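Right, one structure below, let's go through it.
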Amino acid sequence: MQTFDAIIIGSGQAGGPLSHRLADRGWKVALLEREHLGGSCVNYGCTPTKRMLASAQVAHSARNASRYGIAVSDVRVDMRKIRELKDEVVKSWRSGQEHHTGSRPNITLFRGEGYFTGPNTVEVDGAELSSDVIVINTGTSPLILPIEGIEGVPYLTNRSILDLEEVPKHLLVVGGSYIGLEFGQMFHRFGSRVTIIEFMDDIVPREDKDVSEALREALEAEGLTFQLGHKVTKVCQDNVGDIHLTIEAQDSGSSTLSGSHLLLAVGRKPNTDALNLKAAGITSDRGFIPVDEYLQTEVPGIYAVGDVNGGPAFTHISYNDYQILFHNLTTDTEKRSTADRIVPYAMFTDPELGRVGLTEREARAQGMNVKVGKIPMGYVARAIEMQRTDGLMKVVIDADTNRLVGATVLGVSGGEVVQALMTLMMADAPWTTFYQETFIHPTLIEGFFGLMNSVK
């Protein structure tokens with residue numbers, strides 16, 4: 001039995017930096033990783049997808065150069081080269097993770113899938129480890145719905161689609177949220193015909209209806225097509241390789257869609273099946289590991305961080321989990337918690353969706369007396385000058401406290417711009433701090449002038 005100050009299962013954006021910082025404090029750390037260091041973000045999430053999105057943006061800009069008075073011809077997409085460029089940046093980030101871990105003698109790296117043998121013990125590849133501090137950072141995997149016939153069809157996930165060396169002729173996407181929309185628009189810009197099937201009546205259904213409708217209209221104008229309010233009930237592949245989906249709507253019966261490739265983008269499931277949580281005394285919820293505001297499970301000394309705990313599934317939230325847990329494990333000052341965490345996020349479509357805090361629907365559901373401000377991006381001088389007027393800006397305000405409780409920027413650089421609004425929430429400042437203030441002209445943030453004037 002090998003004893004450690006901490007055992008960390010998974011090297012994602014919480015587990016990796018936590019192992020490094022604890023080791024720097026003199027802790028003896030066991031880091032378990034069954035695949036590549038860096039987790040999903042580095043290997044098949046943020047890093048590779050945003051690299052490929054950049055290529056898709058260039059292809060789109062080149063095809064539409066005439067809008068800006070520029071003549072461009074013979075635009076061709078080389079998927080093999082795009083894949084090579086993606087692999088280069090992944091290898092670079094991955095090697096950095098290897099260096100950070102390998103350069104710390106206090107970290108013992110175990111390559112394998114660990115599982116609990118008790119509340120303080122873990123086994124990995126035949127080695128028995130023990131610690132009073134165990135951190136689970138095993139992340140999530142693509143959710144595969146039990147659609148009739150799915151086991152006989154070569155479907156794609158967010159991982160396997162990254163390695164395509166050809167542009168699909170017609171990509172069928174099941175799921176109209178983050179993964180489905182980002183990949184759908186990306187491959188449309190590479191040259192694919194794209195159809196997105198969504199069970200709900202709106203894409204990105206967690207957002208307010210005006211936001212989802214504005215995004216759908218922008219994507220439709222670009223050429224993507226949608227089947228909303230439809231459920232996929234059956235899938236098959238014919239003898240020439242085409243894939244056929246049977247889809248059903250509540251009020252219009254069933255129909256068939258056919259395409260060359262199928263992407264499943266309907267959600268994520270936690271990577272907990274192999275952990276043997278029962279041996280540790282942990283009860284999971286649909287596979288996710290419930291934690292308290294300090295990220296501790298029901299078993300003292302065992303923590304779950306990142307996507308596996310069922311919280312907001314974003315890389316920056318995983319990293320913030322690490323920051324909170326590291327503070328609480330290494331200092332005697334007041335504990336940090338997730339209770340009052342402000343959660344910003346973005347969806348990297350074009351227009352880009354930047355969001356923070358509550359939607360209008362969520363605020364009203366909580367019984368808040370709300371004020372709302374909203375303007376189309378077509379009111380923003382900089383967006384007009386860039387010919388990028390799709391989308392809108394929106395703020396949600398608690399009228400009783402004059403505090404901003406949520407903000408949306410659906411537009412060019414929305415993920416960047418919305419974080420300026422987030423500063424009001426971080427500072428607990430009234431929304432009037434930004435009312436009739438001076439912003440640089442012409443910038444996108446200058447749109448806040450009109451946005452705050454629209455509050456009612």
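Any residue at all in the range 415-438 that is closer than 30 Å to ARG67 by Cα, touching a helix residue (DSSP H, G or I) at 6+ places or on another chain (Cβ under 8 Å) and of a type in the set (Phe, Trp, Tyr)? No.
Pick from the range 284-298 the residues that are at pLDDT 95 or above and open to solvent by 20 Å² or more (accessible area, probe 1.4 Å): which of them is nearest to GLU35 (Cα to Cα)? The selected residue is PHE288. What's the total number of residues in the range 407-432 that are within 22 Å of the chain's Cα centre (by Cα) and among the acidic types (Asp, Glu)? Selection size over the range 407-432: 1. Selection over the range 359-404 of residues that are aliphatic (A, V, I, L, M), within 26 Å of PHE183 (Cα to Cα) and crowded, with 19+ Cβ neighbours inside 10 Å gives a count of 4.
Among the residues of the range 313-326, are any of a type in the set (Ser, Thr, Tyr), open to solvent by less than 50 Å² (accessible area, probe 1.4 Å) and in contact with a Ser or Thr (Cβ under 9 Å, 6 or more places away or on another chain)? Looking for residues that are of a type in the set (Ser, Thr, Tyr), open to solvent by less than 50 Å² (accessible area, probe 1.4 Å) and in contact with a Ser or Thr (Cβ under 9 Å, 6 or more places away or on another chain), one finds at least one in the range 313-326, hence yes. Could you tell me how many of the residues in the range 157-209 are among the aliphatic types (A, V, I, L, M) and either more than 18 Å from the chain's Cα centre (by Cα) or assigned to a loop (DSSP other than H, G, I, E, B) (or both)? Number satisfying all stated conditions: 10. Within the range 91-137, being crowded, with 16+ Cβ neighbours inside 10 Å, closer than 18 Å to SER40 by Cβ and hydroxyl-bearing (Ser, Thr, Tyr) holds for one residue alone: THR101. Residues in the range 205-248 that are within 17 Å of LEU263 (Cα to Cα) and among the β-branched types (Val, Ile, Thr): THR225, VAL232, THR233, VAL235, ILE243, THR246, ILE247. Could you tell me whether the range 123-140 includes any residue that is small (Gly, Ala, Ser), on the phi > 0 side of the Ramachandran plot and at pLDDT below 95? Yes: the range 123-140 contains one or more residues that are small (Gly, Ala, Ser), on the phi > 0 side of the Ramachandran plot and at pLDDT below 95.
Applying the condition of being of a type outside the set (Val, Ile, Thr) and part of a strand (DSSP E or B) to the range 1-38 and asking which residue is surrounded by the most Cβ atoms within 10 Å (Cβ to Cβ) yields LEU31.
For the range 26-67, a residue qualifies if it is touching a residue at least 60 places away in the same chain (Cβ under 8 Å) and of a type in the set (Asp, Glu), and exactly one does: GLU33. Among the strands (runs of 3 or more DSSP E) confined to the range 220-326, the ones with at least 1 residues that are of a type in the set (Gly, Ala, Ser) are located at 243-249, 253-259, 302-304.
The values are calculated or read from the model by the stated rules, or taken from the named source; none is laboratory data. Note that this is a predicted model, so its numbers are computed, not measured. We place every Cβ from the backbone using ideal geometry, glycine too, and count neighbours over all the protein chains shown. Calculation scope for accessible area: heavy atoms of the full protein, side chains included, ligands and nucleic acids excluded. Shrake-Rupley method; radii C 1.70, N 1.55, O 1.52, S 1.80 Å.
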